[in-house]
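These notes are about the structure you will find just below.
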Amino acid sequence: MNFKEIAENYNKDKRRMMTEAVIRNQKHMRNFPTYHAESLNLMFAEWHILFPANKQDLSCKSCRAAVNKFWETMVDEWIEIESTPEKTTKTTNASKKKKAKAK
């Protein structure tokens, strides 16, 4: 699955929950040289639900960076999905016939 497919499969509540976790973590990382523990635990829990075969270790520095980057990318995808308007199809009335011109 690619990012778009994964992003579209998440419901609104989970999107909001993960977006808040990513934002909380980013704010924490701006002020401190560490990850926000509660947000990181949530990101890892959702990662393991989404990818049960790809285990990531919370104590591994590169694993933390990868999971964090994945969720930041997902939030960007959700923003893109929300900002693009749905395409509306214009229906034409095909049953209308042209009137014959009178001479």
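No lab work stands behind these numbers, since they all come straight from the coordinates. Everything quoted here is computed from the prediction, not taken from an experiment. When we count neighbours, we look across all protein chains shown, and the Cβ atoms used for this are built from the backbone with ideal geometry, even at glycine.
Legend: calculated FRET efficiency, ARG30 to SER83, from the Cβ-Cβ distance at R0 = 25 Å, rounded to 0.05, equals 0.55.
Taking the Cα centre of segment 3-83 as origin and assigning +1 to Lys and Arg Cβ atoms and -1 to Asp and Glu Cβ atoms, the resulting dipole is close to 320 debye. Given axes a ≥ b ≥ c from the Cα gyration tensor, I'd like to know whether segment 3-83 is rounded (a/c under 1.5), prolate (a/b larger than b/c) or oblate. In terms of gyration-tensor shape, oblate. Less than 13 Å Cβ to Cβ from VAL67, Lys/Arg counted +1 and Asp/Glu -1: what total charge do the surrounding residues give? Summing Lys and Arg as +1 and Asp and Glu as -1 gives +1. The Cβ shell under 14 Å around TYR10 holds other residues with a net charge of -4, Lys and Arg each +1, Asp and Glu each -1.
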